[in-house]
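None of the figures in this text is laboratory data; all of them are computed from the coordinates on show. These numbers were taken from a predicted model, which means no experiment stands behind them. Here the Cβ positions follow ideal geometry from the backbone for every residue, glycine too, while neighbour counts run over all protein chains shown.
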Amino acid sequence: MNLAKTVSAGVVATAVMSLIGFYLAPMMGLPKMDFGQMLGSNNPMMAMPYWAGWAIHFMMGIIFAIVFVKVVAPVLKGSYLIRGLVFGMLLFVLAQLLVMPMMGAGVFAGGHMPTIVGSLLGHLVFGAILGLMSK
């Protein structure tokens with residue numbers, strides 16, 4: 001594993017996912033995904049500054065990139081794009097089952113379809129970029 005390449009893939013994938021959630025999602029009628037607010041200042045479980053929420057978001061993106069390259073991609077078949085999309089889907093399901101309830105939104109965002117669609121879109125983009133940058 002090339003650590004610099006993997007970290008770069010994690011940063012780029014997280015940045016693109018963040019831009020989509022923060023800027024593009026509202027243009028498509030989906031909720032704004034402000035990860036600094038979601039993970040930091042607006043999260044009763046975490047209760048930390050806004051900037052710390054963003055730092056955690058990017059740190060997790062890097063960690064997930066390492067997990068993808070070291071653990072997930074080697075066991076999946078198909079192109080790296082497909083492997084990345086499968087990983088993105090896995091992260092989406094984990095986020096909906098674990099993270100959303102921790103943030104008070106409930107499992108699968110309490111059934112709020114725009115939030116579910118936005119989360120799915122973001123995680124698929126994240127996975128696709130990881131796959132394309134990791135091959």
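Worth pointing out:
- Lysine-lysine proximity count for the chain, Cα under 16 Å, sequence distance 8 or more or distinct chains: 4
- Using distinct alpha-carbon pairs, which all enter the 1/r mean, Kirkwood radius of the chain in Å: 14.9
- You can think of it this way: the chain between S8 and H112 has 34.2 nm of extra reach, that is 0.36 nm per residue less the Cα-Cα gap.
- Within a Gaussian network of the chain (alpha carbon springs, distance under 10 Å), most fluctuating of M100, M27, M17: M27
- Mean separation of Cα contacts under 8 Å (6+ apart) over length of the chain, as relative contact order %: 33
- When you count the other C-beta atoms within 10 angstrom of each residue and take the mean per peptide, 64-70, 1-7 line up highest first as 64-70, 1-7.
- Crossing angle, helix 50-67 versus the chain [Cα axis fit, 0-90 degrees, rounded to tens]: 30
- Between 0 and 90°, nearest 10: helix 113-134 axis offset from the chain longest Cα axis: 30
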